[in-house]
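Novice: One structure is given below, represented as structure tokens, and several questions about it will come after.
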Amino acid sequence: MDKKVTGILSCDNISGISGNMEMLLHKIQTEKPEAYALIYGKTRTDCICGNVLFYPLWGGTLVAAEIAGLPVKEDTCGGSFLGFHIHEGSICGGTAEDPFADAGGHFNPGKCGHPFHVGDLPPLMENHGYALSVFYTDRFIPEEVVGHTVIIHVMADDFRTQPSGDSGMKIACGEIKEY
Ligand SMILES: [Zn+2]
């Protein structure tokens, strides 16, 4: 399937700052997302909460995530990176050992390897417990991920280890719903 994204930004006619980013930020400010997930989780010391919003854009999705209460790792020089994925399960339930076990594995309708799963997202960058991330993906449109879950892991995704990047425990979860 050829779904090359064209016409977004051409390097031929750039003489200054592209208007694209202003348009995208305006979109987030003024338009309703097509889908959203309310994120929640609990570590030993913190309650994690936040929103992930999904806007249709250019045959794919503009994702905007804001998360607070992420664990702060005191032994690092700065903030850490946390694995961030869409998982195939529909529910944020689980067991005492794995509170979000029901989220299952990474959303992977194409039966690809990690990190080429449809649900593989850029890691969250944690800043004293807070993360803000806005990015574009053409691996899915918002309606394709409704009914699945967003998961935040305790460690960074190494983008190599199968099947899920060795990013450790699931510390927060959100069920993706139509807005
Ligand atoms: Zn994956």
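Novice: Which Cys residues of the chain have no other Cys beta carbon under 4.7 Å away?
Specialist: C11, C47, C49, C77, C112
Novice: Could you tell me the extents of the chain's C-alpha atoms along the three principal axes, largest first, rounded to whole Å?
Specialist: If we take the Cα atoms of the chain, the spans are 54, 37, 33 Å.
Novice: Turning to a different aspect of this structure: Under a GNM of the chain (C-alpha, springs under 10 Å), which listed residue has the highest mean-square fluctuation: V72, V118, V150?
Specialist: Of the options given, V72 has the highest mean-square fluctuation.
Novice: How many nm is it between the label spots at L24 and C47, if each spot is 7 Å from the Cα in line with the beta carbon?
Specialist: 3.3 nm
Novice: Also, quick follow-up: Loop-only trypsin sites (Lys or Arg not before Pro) in the stretch 56-157, please: DSSP not H, G, I, E or B, and at most 16 other Cβ atoms within 10 Å.
Specialist: On the way: sites: K73, K111, R139; in loops: K73, K111, R139.
Sparse-neighbourhood loop trypsin sites (Lys or Arg not before Pro): K73, K111.
Novice: Now a separate question. Quick one: dipole size for the chain, taken about the Cα centre, charges +1 on Lys/Arg Cβ and -1 on Asp/Glu Cβ, in debye to the nearest 20. Can you show the working numbers first?
Specialist: On the way: 12 positive and 23 negative charges, 19 e Å.
In total the dipole reaches around 100 debye.
Novice: Nearest 10 degrees, 0 to 90: what angle lies between the long axis of helix 20-30 and the longest principal axis of the chain (Cα atoms)?
Specialist: Tilt relative to the chain: about 60 degrees.
Novice: Ignoring everything except DSSP H segments at least 4 long, calculate the 222 nm mean residue ellipticity for the chain; use -39,500 (n - 2.57) per segment, divide by total residues, nearest 500.
Specialist: -2000 deg cm²/dmol
Novice: Work out from phi, with θ = phi - 60° and the Karplus expression 6.51 cos²θ - 1.76 cosθ + 1.60, the ³J(HN,Hα) of each residue of the stretch 165-176, listed in order in whole Hz, and give x for Gly and Pro.
Specialist: x, 6, 9, x, 4, 7, 9, 8, 8, x, 8, 7
Novice: Now, a different point. Hand me the GluC sites (Glu not before Pro) from the stretch 24-76 located in a DSSP loop with no more than 13 other Cβ atoms within 10 Å, in residue order please.
Specialist: Sites meeting the loop and neighbour criteria: E31, E74.
Novice: When only alpha-carbon atoms are used, what values of Rg and Dmax, in angstrom, describe the stretch 61-122?
Specialist: 14.1, 39
Coordinate-derived values only; no laboratory data. This is a predicted model, so every value here is computed, not measured. Positions of Cβ are backbone-derived with ideal geometry, glycine not excepted, and every protein chain shown enters the neighbour counts.
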